[in-house]
Amino acid sequence: MATELEALARTALLVQTDYFPCASLEEIVAVLAGYRVSISADETALATAAGRTALVATFIAAAQLGANIRLDVPPGIIDGNQPPLQSGDLAESLLHHGRELIIPPSRLAQVDCSFAFGARTAEHDFVVSGDSWGSRLDLDRARGSWTGELPFGGLFAAALASAEVFRGALRQLAAHHPTPSNLRLQTRPSRLNVPPLPLTPDLDLGDVDFVSAGAITHSALAVLFRLDGLAGRLRIMDDDRYAVSNLNRYALISRPLVGHAKAAPLVDYARDGLEIVGVPVRVCDETMGSIGGLSARVCVGVDEIPARWFVQDRAPGWVGVGATSHLFAMASSHPHGTPCAGCLHPKDDPQPMLEIPTVSFVSLLGGVLLAYRLIEDCLARPATASSTQILDAMNLASPSTVLSREVPRSRSCPARCLNQGKTTATLTSQWVVPDRA
């Protein structure tokens, strides 16, 4: 129980803070770790990369909630591009990875909820379907069909399904505690998609910096690493190390990586045309000289709002910010010369928490949306305004698409975007990797 409590502490804190303050963290973790889930997929659903992504990401996001999972997948499905899995038999690789998360998968006789990717049987509560750009979760369809090769729909499927796992666990807690008025326990059909982009196999991201190797960056990279043929030069900057408490939301790690420097294992995803450099430093005034300045595009996934101001102040071009707050996920895009991250987040948290409440599917959504905004900018689509996307991850039945709104310019912007001149977005950094023992 001690290890489960440490791994699920941030998720249990979210449940306690937002919904059940009378429940102890130990009780919440016991409910999460005792929730039983069945995930099944047939060969038809797994014939496409989108369907395989949906299965893998759903398994991982549900496992990060502490769920006890029964996996029913036909053997012999081979996929070599499903990070963080090793190439080879998909079912074997997924079960191996699951044994290194929180609760090892098992052959459950009874389950609390079940998901079908493909044909539905009488046992299944939910049918999940989708394509490259979106996904839907239904209660009464006969089959969940999958088409497409891109990862957005599959990752959205994971968010939809794991949100229902979370909702089911909350229902069990509600049987023993007063149910708050802000808790939506009713299950409804839901869908989530983004507008298609004109992606080509030879997309080149150019130079991109990721400030933080945290959960948002992991989820964004889970998108990028699944794009065959993607090129670019990525720097991932973070001076921290993985902890057991990261297992509840980091998309690309498992227990053996606890204690390792955060940027180090991400470098292993480099391939022909895609260069990845891990930089074990915190981006601040003291390190700006050693890293050679920031790149033409910068993705920010840090929790601290003043750190976003710092990066925005020094970025020469496009800045994207991915963030979460409780059950809300957001991503914003700030082309050069438009209202910036400081305009969107003009005030710091008045009382920042030492431990931030987090949950797997919200972090997943924040990173996927950030990756979408990065790709959108790299495709040179005209962007004349900053915009932000915000999702309530427990009310996904409402939006059928991800909706954006423009960011207004703030006269009190702490990043001084009105007053400080900046170089053009076409400049790139020197790509200096600091020498650090």
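Some points to look at:
- Long-range tail of P(r) for the stretch 80-239 (Cα pairs > 21 Å, %): 60 percent
- Exposure of Cys417 as accessible area (Å², to 10), given a probe of 1.4 Å and all protein chains: 30 Å²
- For a paramagnetic label modelled on Cys22 (point 7 Å from Cα along Cα→Cβ), amide N atoms under 16 Å away belong, within the stretch 167-201, to 171-183.
- Answer label, with percent of Cα pairs over 38 Å apart calculated from the coordinates and candidates (1) 26; (2) 31; (3) 18: (3)
- The stretch 183-314 - share of DSSP beta bridges that are antiparallel (%, nearest 5): 10 percent
- Share antiparallel - DSSP beta bridges, the stretch 62-147, percent rounded to 5: 65 percent
- Placing +1 on the Cβ of every Lys and Arg and -1 on the Cβ of every Asp and Glu, with nothing else charged, gives the stretch 305-386 a dipole about its Cα centre of roughly 160 debye.
- When Arg120, Arg188, Arg373 are compared by accessible area at a 1.4 angstrom probe, the order from most to least is Arg188, Arg120, Arg373.
- When the charge dipole of the stretch 248-397 is built from unit charges on Cβ atoms (+1 for Lys and Arg, -1 for Asp and Glu) and taken about the Cα centre, the candidate among Pro346, Cys284, Leu364 whose Cα reaches farthest toward its positive end is Leu364.
- Over the stretch 185-236 - Rg/Rh using Cα atoms and the Kirkwood inverse-distance radius: 1.11
- With N counted as the residues of the stretch 331-382, its alpha-carbon radius of gyration over 2.2 N^0.38 Å works out to 1.43.
- Among the protein heavy atoms, those of Tyr269 account for about 60 Å² of accessible surface (1.4 Å probe, every chain in place).
- When all protein chains stay in place and ligands, DNA and RNA are ignored, the 1.4 Å accessible-area order of Lys347, Lys262, largest first, is Lys347, Lys262.
- With the alpha-carbon atoms of the stretch 188-328 aligned to their principal axes, the span from lowest to highest coordinate is 49, 35, 29 Å, starting with the largest.
- Formal net charge of residues neighbouring Ser386 (Cβ-Cβ distance under 9 Å; K, R +1; D, E -1): 0
- Taking the C-alpha atoms of the stretch 1-84, convex hull volume expressed per residue in Å³: 112 Å³
- Per the Kirkwood formula applied to alpha carbons, the stretch 162-209 shows a radius of gyration over Rh ratio, Rg over Rh, of 1.32.
- Length added when fully stretched, Glu92-Arg405, from 0.36 nm per residue minus Cα-Cα: 108.4 nm
- Under the span-like rule (Cα at least 20 Å along the axis, Kyte-Doolittle mean at least -0.5), DSSP H helices of the chain: 49-63, 152-174, 360-378
- Accessible area per residue for the chain, computed on protein heavy atoms with a 1.4 Å probe, is 39 Å².
- Shape call, the stretch 225-306: gyration tensor on alpha carbons, a/c limit 1.5: oblate
- Area accessible to solvent at His336, 1.4 Å probe radius, in Å²: 80 Å²
- Spacing of the two label points (7 Å from each Cα toward its C-beta) at Thr121 and Phe328, in nm: 4.3 nm
- For the stretch 46-105, the relative contact order is 33 percent, taking Cα pairs closer than 8 Å that sit 6 or more residues apart in sequence and dividing their mean separation by the residue count.
- Contour minus Cα-Cα distance for Asp348 and Ser106 (0.36 nm per residue): 82.7 nm
- Sorting Arg235, Arg36 by accessible area puts them as Arg36, Arg235; the probe is 1.4 Å, largest comes first, and only protein heavy atoms count.
- Label-to-label distance, nm, for residues given as Ser181 and Ala385 (7 Å Cα→Cβ offset): 3.5 nm
- Cα pair count fraction exceeding 17 Å, expressed as % - the stretch 256-301: 48 percent
- When only the Cβ of Lys, Arg, Asp and Glu is charged (+1, +1, -1, -1), the dipole of the chain relative to its Cα centre reaches about 820 debye.
- Length gained on full extension, Asp204 to Ile78, computed as 0.36 nm times the residue gap minus the Cα-Cα distance: 42.7 nm.
- Listed residue (Asn248, Pro178, Leu230) projecting farthest to the positive dipole end of the stretch 118-258, Cβ model: Pro178
- When the Cα gyration tensor is reduced to axis lengths a ≥ b ≥ c, the ratio a/c stays below 1.5 for the stretch 249-393, which is therefore classed as rounded.
The values are calculated or read from the model by the stated rules, or taken from the named source; none is laboratory data. Since the model is a prediction, treat every value here as computed from it, not as a measurement. Here Cβ is always computed from backbone atoms with ideal geometry, including for glycine, and neighbour counts include all displayed protein chains. Accessible surface areas use protein heavy atoms only, side chains included; no ligands, DNA or RNA. Shrake-Rupley method; radii C 1.70, N 1.55, O 1.52, S 1.80 Å.
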